[in-house]
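For reference, the structure discussed in these notes is given below.
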Amino acid sequence: MRASHTWESGETAGGLRAPGRRPNDFAPSMIRKLSADMINKIAAGEVIERPASVVKELVENAIDAGARRIEVELSGGGTKLVRVSDDGRGIPRAELHLAVASHATSKLHDPEDLFRIGSLGFRGEALASIAAVSHLRLASRPPGETGAELRVDGGQRGDVRPAGVPPGTTVEAADLFFNVPARREYLRTERGELRAALGELKKQALAHPELGLRVLADGNVVLDAPPADEPRERIAQVLGRELAEDLLVVGPREEAGIRLRGYASPCDRSRGDSRQQFFILNGRAVRDVTLLTAVKQAYANLLPPRRHPSVVLWIDLDPADVDVNVHPQKAEVRFRRDRIVFRVVLDALREALSAGGLVAELRLGRQGERGRRFAERVEGSPDSALAQSAASVTALLPFPAAGPVGGVGGAPVPLDAVPRRFLQVHRRYVVEETEGGVRLVDPHALHERILYEEIRARLEREPLESQRFLFPQIVEVAADEVAACEERAELLARLGFEVTPFGRSALAVHAAPAMLPSERVGEGLQRLLGPPGVLGPEEGDEGILHGLAATLACRSAVRFGDPLPDDQIEALLRQRPHVRRGHCCPHGRPTALALSLDELDRRFGRQGKGT
């Protein structure tokens, strides 16, 4: 019989000690019904994560109440105080107690309303959740009535009292999570919480350009957005006038019951993150993977790696076609026809980008990362595994000759479309005179785009030319790559590969693309058999085709830094206006920058011609 043992505080079965913890500390006890206070705190944790959550819920309540002007005051990043005041309809004195009760709302009357939600709030949880974890003061006055206020401390309600307040509603939430110290430990610094709250307020401002929104942080005005007559003006108020002036118009577009309008950044303007992508769905700011993916694909091959566009889109559709009741904070949605929504957004963005011009405008007054990106060396592409020899390139795609040059997939370029005057400087860039100023051209990037489109066009018509080996090349790969080879046999054939399995972890390559050096066959094949989309921003076969074509084009183009004869420069400049997506190379770098005479005159202190 095994000897009995008495557990000491903190001792475990393995002899280790956890101070202050007994073995039955976490053992289940009798089932008990949770107290109302505990229920409210748990519910509050789902709805209220941080001060930004409080700001979001209170501002949405104000908008639902018909407010035209809202003022938000924050102290300590919102951890010490969040105060939201509006000029909306107000809450009658008799309903103040009900307003802070759980699951009490004026926005739903029938179960069917859940499937056609037109308001921002609808669950009746916001005020109750905020009141459970803060010191809440609710003061309100409907027009033509007297004002009243109610205080709630950590879920404990006081009495409704008269209050001299203007028409509308003011809600104050002080000392957030004062009674849930574990939650306070997860908050960021005051600066970080303020940044998150301002991010939420920017979304609300963009969602409702007709709304006047003023924000103060510790007594200082940090956002002042009066009602805007035009959406671009609201973007200027929230994101900056410089960005607003650069944005391309998207839409308006109406298709399949979906109405879309908005703005998107041109290809020469990008960011290191996607935080300036805003989607306003039926007046609600949302973050949705369908919409994010549409933006990503619209800008595929147009931006440098790991760069993101700025986008503001307003989308309206039947509320029955979207479910907003899938997330505690209503930040995510589910579309009933997500593929149609995806296609409408993608087509609208592509149309805007196609109409946005082929040359980025160079503004000499701008500094920083944007300017540095324009000067990057473009031959340092990460897609270097399939570099090819000059001889095979020449056989596949001869350099455009002087004289009439065929546009990619289009009619011959007219003879009179000859560049005015040009000069290559420092063996790098070409300076070209234009009707309205000068244009700076990166010949490598431009030639790369021309070749890329030629390769893609050829792949659409026929497989690439192959070279057969006298003896198969044996390429060692992972076992899953052998399976991937069989799955992608058709794609590999289009690219000029003939491959068969050779045991469990090797492949026999009988033929490879003619332009691919034989010593790079194994390396190139392994890249093609990697995860779908590894060679490009798109997915599946399309991503692989893009990656291969981009790599071949990059290694086939004239080298950055090589001196070019005038006839080759002229041929490139002739073809530039006629090549598809000629404003950037396949890796997203610009092919040309335009500098207007007005900008030159301004820089030289001249007001116009002859001055």
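Taken together, the values in this text are just the output of simple stated rules run on the coordinates, not laboratory data. None of the values given here were measured: they were computed from a predicted structure. Cβ placement follows ideal geometry from the backbone for every residue including glycine, while neighbour counts extend to all protein chains displayed.
What distance in nm separates the simple spin-label points at Ser274 and Leu216, each placed 7 Å from Cα in the Cβ direction?
My value for the distance between the label points is 3.8 nm.
Would you calculate the separation in nanometres between label points at Ala483 and Arg339, each defined as 7 Å from the Cα along the Cα-to-beta-carbon direction?
2.6
Can you tell me the length gained on complete extension of the stretch Thr500 to Arg428, counting 0.36 nm per residue apart and subtracting the Cα distance?
Once the chain is fully extended between Thr500 and Arg428, it gains 21.5 nm.
Would you kindly state how much longer the chain becomes between Leu223 and Ser596 on full extension, computed as 0.36 nm times their sequence separation minus their alpha carbon distance, in nm to one decimal?
Here the answer is 130.9 nm.
Could you work out how far apart the two model spin labels at Arg68 and Phe471 are, taking each label as a point 7 Å from the Cα in the direction of the beta carbon, and quote it in nm?
8.7
What list do you get for Glu193, Glu230 if you sort them by fewest beta carbons within 10 Å?
Listed from fewest to most nearby Cβ atoms, that is Glu230, Glu193.
Between Ala256 and Ala457, what FRET efficiency follows from the Cβ-Cβ distance if R0 is 35 Å, with the result rounded to 0.05?
Plugging the Cβ-Cβ distance into 1/(1 + (r/R0)^6) gives 0.65.
At a Förster distance of 35 Å, what's the computed FRET efficiency of Phe178 paired with Thr290, Cβ-Cβ distance as r, to 0.05?
The pair Phe178/Thr290 has a calculated efficiency of 0.35.
Gain in length, Arg191 to Ile31, computed as 0.36 nm per residue apart minus the alpha-carbon separation, to one decimal in nm?
53.3 nm
Rounded to a whole number of µm²/s, how large is the Stokes-Einstein D of region 423-483 at 10 °C and 1.306 mPa s, given Rh as the Kirkwood radius over C-alpha pairs?
97
Provide the descending list of Cα extents for region 230-356 along its principal axes, expressed in whole angstroms.
Each principal axis gives a Cα extent; for region 230-356 these are 38, 28, 28 Å.
I need Ile258, Ile340 ordered by Cβ neighbour count within 10 Å, fewest first.
By the 10 Å Cβ count, ascending, the order reads Ile340, Ile258.
Can you sort Asp323, Asp86, Asp229 by how many other beta carbons sit within 10 Å, fewest first?
Asp229, Asp323, Asp86
What FRET efficiency do you get for Ser518 and Arg421 if R0 is 51 Å and r is their Cβ-Cβ distance, rounded to the nearest 0.05?
Computed FRET efficiency for Ser518 and Arg421: 0.70.
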